[in-house]
Each structure stands twice: as structure tokens, then as C-alpha cells.
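Participant: Let me give you the structure first, and then I'll get to my questions.
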Amino acid sequence: MLILRESADRRAEIARRMVGASVLGVTYRQTEHGGLTGPPSGPVHEVDLDVVLELSTGVISVTWEREDLVEGLAVGCTELAELEGVASVPAGGSEVWQQIVGRAITDVYVGWQVSEVGCPESLWSMWLSFGPKLDVVIALGELDGFDRPMYHPDSLLLLFEESVARSYQPVGAATSAWGGEPILGK
């Protein structure tokens, strides 16, 4: 379900499931024909469909979603089941995830956007902190032809470098992907 700023109960549930939970594994889900057969290398990963985090508190999926003109991230509890037309790519063995798997999420920060005039604020980025200098941001977007983040509401970016996350801010976003507020608000 799409997360709106006004969804205090949903934000509280996400915080309860994520903060303090250890990451046990990570899977990227792609369309079967998306071309990703192994986890990408480098500080930015692009994912077609969703990022599935196997946590000590259960499995959480972060995906993109649209409801009419509202674009944003959806976060939910799920099971890692095989789906027709979808390829599951284990990502926990990538260099950047190897530093994170086994560690607990210490904080979750969120960034809000207005995707179209008159629409409610929706979640567009989620910054997971694992302690000093160990973070990942999940945001709406894709890589352009020069491997730079650009806004696209139908795919996800995982940003593992603070400088890249700080420089990425779509037009309708209140903050950069790195910015934001604690998931339970100020």
C-alpha cells in the first residue's frame, strides 16, 4: 500500500517492523526480461520491481506504486514467493550488501514528495541507517545514460553513497533522497 504522510498508523507499523531488526538477506525482483541476473556492483543499484528485505522481524518489501496521479513507495509485509514473469535476484552477496547483512537497522528516515499539484504528500525515499557511515537509501528513480540518478516513478534506486543521495532530488520532493525526517515524524 502506498505510504502517504498522513498515514501515521502505517508509518508506526513500518518503524516497529524495521528499527532494531537485523538484515538477514536481500533480494531484488525484476521483470523476467529486465536483464539483471546478478546483483549490480557499485554504489547505485537500479531495480525494476521491488527490494525484499529478509529481516529478523519478518520479510518486508519496498516497491513503487501509483494510485491515479499519486506516485510513491509502498512498504509491506510479504513472503518471498516465486511469481510468474518475475526474476528474484539474490543481492546479499554484493559488496555493498555484505557490509550490511547481519547488522541491525538503527534508524529509518523518510522523504516526501508531491507527485502532481493537488495530490497528497507521498513517500518517495527511505533512508535506512545501520550506524556510523553505513546507510542505504531506497528511492523512486532510475539511472540515466551516464549512470546518474533521475526521477522515474516506475523503478527503484538503491543509493549506498551519501554524496549521491544528497545530490538526488526530484522536482516535487521536499528534500534530497538523503534528507527527510524520522519515520515517525518530528
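Participant: Net charge near residue 20, counting Lys/Arg +1 and Asp/Glu -1 over other residues with Cβ under 12 Å of its Cβ?
Facilitator: +2
Participant: I would also like to ask the following. Could you tell me what a quarter of the Cα convex hull surface of the stretch 1-58 works out to, in nm² with one decimal place?
Facilitator: Its average projected convex-hull area is 5.4 nm².
Participant: At a 10 Å Cβ-Cβ cut-off, how would you order 171, 70, fewest neighbours first?
Facilitator: Values: 171 8, 70 18.
Ascending number of Cβ neighbours within 10 Å: 171, 70.
Participant: Moving to a separate point now. Find me the longest stretch of the chain that has none of the exposed GluC sites (Glu not before Pro), where exposed means in a DSSP loop (not H, G, I, E or B) with at most 11 other Cβ atoms within 10 Å.
Facilitator: Looking at the chain, 117-186 is the longest stretch - no exposed GluC sites (Glu not before Pro) with at most 11 other Cβ atoms within 10 Å.
Participant: Can you tell me the FRET efficiency between residue 117 and residue 6 if r is taken as the Cβ-Cβ distance and R0 is 22 Å, rounded to the nearest 0.05? Each step should come with its number before you reach the end.
Facilitator: Details: r = 17 Å, r/R0 = 0.79.
Computed FRET efficiency for residue 117 and residue 6: 0.80.
Participant: In the stretch 8-182, with Lys and Arg counted as +1 and Asp and Glu as -1 at Cβ, which of these residues, 173, 57, 88, has the Cα nearest the positive end of the dipole, that is, farthest along it?
Facilitator: The Cα lying farthest towards the positive end belongs to 57.
Participant: To the nearest 20 debye, what charge dipole does the chain have about its Cα centre, counting +1 at the Cβ of each Lys and Arg and -1 at the Cβ of each Asp and Glu?
Facilitator: 740 debye
Participant: A further question on this structure: Need one number for the stretch 70-160: average projected area of the convex hull over its C-alpha atoms, nm².
Facilitator: 7.9 nm²
Participant: For the chain, what does the helix formula give at 222 nm: sum of -39500 (n - 2.57) over DSSP H segments with n ≥ 4, over the residue count, nearest 500 deg cm²/dmol?
Facilitator: Only helices count here, giving -3000 deg cm²/dmol.
Participant: Right, something else. I'd like the distance separating the alpha-carbon centroids of the stretch 88-102 and the stretch 103-170, in whole Å.
Facilitator: Using only Cα atoms to place each centre, the spacing works out to 18 Å.
Participant: Also, I was wondering about something else. Tell me the trypsin sites (Lys or Arg not before Pro) within the stretch 65-156 that lie in a loop according to DSSP and have at most 10 other beta-carbon atoms within 10 Å.
Facilitator: Working: sites: 66, 103, 133; in loops: 103, 133.
Passing both the DSSP loop test and the Cβ count: 133.
Participant: Of (1) 114; (2) 127; (3) 137, which one was derived for volume of the Cα convex hull per residue in Å³ from the structure shown?
Facilitator: Of the listed options (1) 114; (2) 127; (3) 137, (1) comes from this structure.
Any read-out appearing in this document is the output of simple, stated calculations on the displayed coordinates, not a laboratory observation. None of these values were measured; they are calculated from a predicted model. In this analysis, Cβ positions are derived from the backbone assuming ideal geometry, glycine residues included, and neighbour counts consider all displayed protein chains.
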